[in-house]
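Working notes for the structure below.
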Amino acid sequence: MQRDAFLRAWTVPQVPPPGPEDEPTAHRLRYRSVWISDLHLGTPGCRADALLDFLRHVESDTLFLVGDIVDGWQLRRHWYWPQSHNDVVQKLLRKARKGTRVVFVPGNHDEFARRYVGHEFGGIEVADEWVHETADGRRLWILHGDLFDGVIQCAKWLAHVGDTLYEFTLKLNRHLNSLRARMGLPYWSLSKYLKLKVKRAVSFIGDFENAVAREARRRGMHGVVCGHIHHAELREIDGITYANDGDWVESLTALVEHADGRLEIIDWAQQLRDRESQAAATAPAVAEAA
Ligand SMILES: [Mn+2]
């Protein structure tokens, strides 16, 4: 035994070996439960690389896949399945094999999986919905959430582009109305019309959240966890905990339960940005040392 090597092991910060991805890393996070949904594997929109990074860093006793995991709708129209999407599936199966309880609650885009409710494949349990008890004894109803869609969903996209679109329509409105004036037509506000649409889309999110929370209360739950609307949220609605784990197309978010039952939304896009800026900050120091 080299004494120097022994001492170094205690005094020099340990850098994890650049081994296989599944080796423990320095940034490993551990939670009691993790909820992710709306991965939309099988579509170019899925941020599989960020998701893989998340799955490599985050461990949990239970992992809930809250629907729209594989996008069967888009795959039927157009086959898109790159290696990274395969890696995500492999990673999920591996977690199930290594002792994580993985529960899959199908959504509308992977409704084909609803046929397998009550079964399991590769250690992943499939269920229509689920009731999870937190470490502090709260009962959470888990579902994808598509059952609560209103008819105004078609206007949903407007909520995302709202502001930019609004500025643009103001401009367009001016041109349109000078044209209308020349044609002898009365003033008509395009921006007002669209703003109403955007407002309706924003209220769709609110309506959805209220409807889900109301149903959770009716079922005697303390809270509800869902996905579907790609809008991460964690708040109280009339005494019911409403939690939405977001998505892995735009927001790159997950919901986690800490060991004491506390819930939190994890923003992995922010994680990645932090790590990037950290790497940029330490890069010159490394160069100096070399
Ligand atoms: Mn959905």
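Here, each number is a calculation from the coordinates, and none is a lab measurement. What you see is a predicted model, and the numbers here were worked out from it, not measured in a lab. Glycine gets a Cβ as well: all are built from the backbone with ideal geometry, and neighbour counts include every protein chain shown.
Using the Karplus curve 6.51 cos²θ - 1.76 cosθ + 1.60 with θ = phi - 60°, what ³J(HN,Hα) values do you get for each residue of the stretch 58-72, in whole Hz, with x for Gly and Pro?
10, 10, 7, 5, 10, 10, 9, 9, 8, x, 6, 6, 10, 8, x
Using a 7 Å offset from the Cα along the Cα-to-Cβ direction at both residue 211 and residue 79, what is the distance between the two label points in nm, to one decimal?
For residue 211 paired with residue 79, the spin-label model returns 3.7 nm.
Evaluate the distance, in nm, between pseudo-label points positioned 7 Å from the Cα of residue 120 and of residue 90 along their respective Cα→Cβ axes.
In this crude label model, residue 120 to residue 90 measures out at 2.3 nm.
Using +1 at the C-beta of Lys and Arg and -1 at the C-beta of Asp and Glu, which of 183, 252, 93 has the Cα lying farthest in the positive direction of the dipole of the stretch 28-273?
183
Once the piece of chain linking residue 28 and residue 56 is laid out straight, how much longer is it, given 0.36 nm per residue of separation minus the C-alpha distance between them?
Working: separation 28, 0.36 × 28 = 10.08 nm, distance 0.78 nm.
Contour length minus Cα-Cα distance gives 9.3 nm.
Quick one: length gained pulling residue 183 to residue 275 fully straight, 0.36 nm per residue minus the C-alpha distance? Write out the running numbers ahead of the final one.
Values: separation 92, 0.36 × 92 = 33.12 nm, distance 5.78 nm.
Using 0.36 nm per residue and subtracting the Cα-Cα distance, I get 27.3 nm.
Translational D (Stokes-Einstein, µm²/s) of the stretch 63-136 at 10 °C and 1.306 mPa s when Rh comes from the Kirkwood sum over C-alpha pairs?
Rounded, D is 120 µm²/s.
Sketch the reach of a paramagnetic label on residue 49 as a point 7 Å from Cα along Cα-to-Cβ, and name the residues of the stretch 64-87 whose backbone nitrogen lies under 13 Å away.
From the stretch 64-87, the list is 83-85.
Place a +1 charge on the Cβ of each Lys and Arg in the stretch 28-273 and a -1 charge on the Cβ of each Asp and Glu, then give the dipole magnitude about the Cα centre in debye, rounded to the nearest 20.
That gives the stretch 28-273 a dipole magnitude of about 840 debye.
So what is the orientation-averaged projected area of the stretch 28-273, using the convex hull of its C-alpha atoms, in nm²? Before the final figure, lay out the partial values.
Numbers: hull surface 64.1 nm².
Averaging across all directions leaves 16.0 nm² for the Cα convex hull.
Mind giving me the nanometre distance, one decimal, between the label points for residue 101 and residue 172, set 7 Å out from Cα along Cα→Cβ?
Label at residue 101, label at residue 172, 5.1 nm between them.
Ordered by packing density, taken as the mean number of other Cβ atoms within 10 Å over each peptide's residues, highest first, how do 97-110, 265-278, 31-44 rank?
Ranking, from highest mean packing down: 31-44, 97-110, 265-278.
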